[in-house]
Amino acid sequence: FEGINARMSEFHAALGLATLDMAEEHINRRHEIYALYKKHLSQLPGVRFPSDTNGGTTNGIYFSIIIDESVFGLTRDQLHEALKYDHVDSRRYYTPPLHMQKANVKYASLYIGKLPNTELISNSSLTLPVFSHMTDDQVNGVCEAITRINKNCAAVSDKLLNE
């Protein structure tokens, strides 16, 4: 069936109301985490960040990077797999794009190949861990893992292909 039932339970509503007072503090911390990620990862070839909407802001729930395989040396999926060895839980949230999901199969032929930016982001975007109580050391650890993987991309690629 198409769609989901997104109604929240009374328990979840009560939990949401109880945590509203902490929301701004948690959002601010996630923005600090974003800045730390950007500081370290902007140094790596083939890593870029989605653009912010002009005048928009984020609640910081997700932090995604975009991997350019030809420059980084690995695909987004290879980086995702390699990060598992360092116990980094990354996500490929935007795969497949909406027009390629099973629920929309009857519309796929209308859009496949006609949404190049959507398909590019879908295949190259990787979401990194972000949570309000994440320490700077944890963020640095994720960045160090990505940097190490990038510096050893040929060996990483070989290892992943031989598994």
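The values are calculated or read from the model by the stated rules, or taken from the named source; none is laboratory data. Keep in mind the model is a prediction, meaning the values are calculated, not measured. Heads up, the Cβs are rebuilt from the backbone with ideal geometry, glycines too, and the neighbour counts pull from every protein chain shown. These area figures cover heavy atoms from the full protein model, side chains too; ligands, DNA and RNA do not enter into them. Shrake-Rupley method; radii C 1.70, N 1.55, O 1.52, S 1.80 Å.
Counting the residues of region 39-66 that are in contact with a strand residue (DSSP E or B) (Cβ under 7 Å, 6 or more places away or on another chain) and more than 18 Å from SER125 (Cβ to Cβ) gives 0. Taken over region 91-103, the criterion of being over 27 Å from GLU24 (Cβ atoms) and either free of Cβ contacts under 8 Å to residues at least 12 places away in the same chain or outside any loop (DSSP other than H, G, I, E, B) (or both) is satisfied by LEU98, HIS99, MET100, GLN101, LYS102, ALA103.
Given the condition open to solvent by 80 Å² or more (accessible area, probe 1.4 Å) and under 19 Å from the mean Cα position of the chain (by Cα), answer yes or no: does some residue in region 1-15 qualify? Please lay out each step first, then the result.
Narrowing region 1-15 to residues open to solvent by 80 Å² or more (accessible area, probe 1.4 Å): 1-2, 4-8, 10-12, 15.
Cutting the leftovers down to under 19 Å from the mean Cα position of the chain (by Cα) gives us none.
No.
When region 76-90 is filtered for residues that are over 13 Å from the mean Cα position of the chain (by Cα) and in contact (Cβ under 8 Å) with a residue 12 or more places away in the chain, the ones remaining, listed by number, are GLN78, GLU81, ALA82, ASP86. For residues that are open to solvent by less than 80 Å² (accessible area, probe 1.4 Å) and more than 15 Å from the chain's Cα centre (by Cα), tally how many sit in region 139-163. Count: 13. The condition (being assigned to a helix (DSSP H, G or I), of a type in the set (D, E, K, R) and open to solvent by 80 Å² or more (accessible area, probe 1.4 Å)) is satisfied by just one residue among LYS106, LYS114: LYS106.
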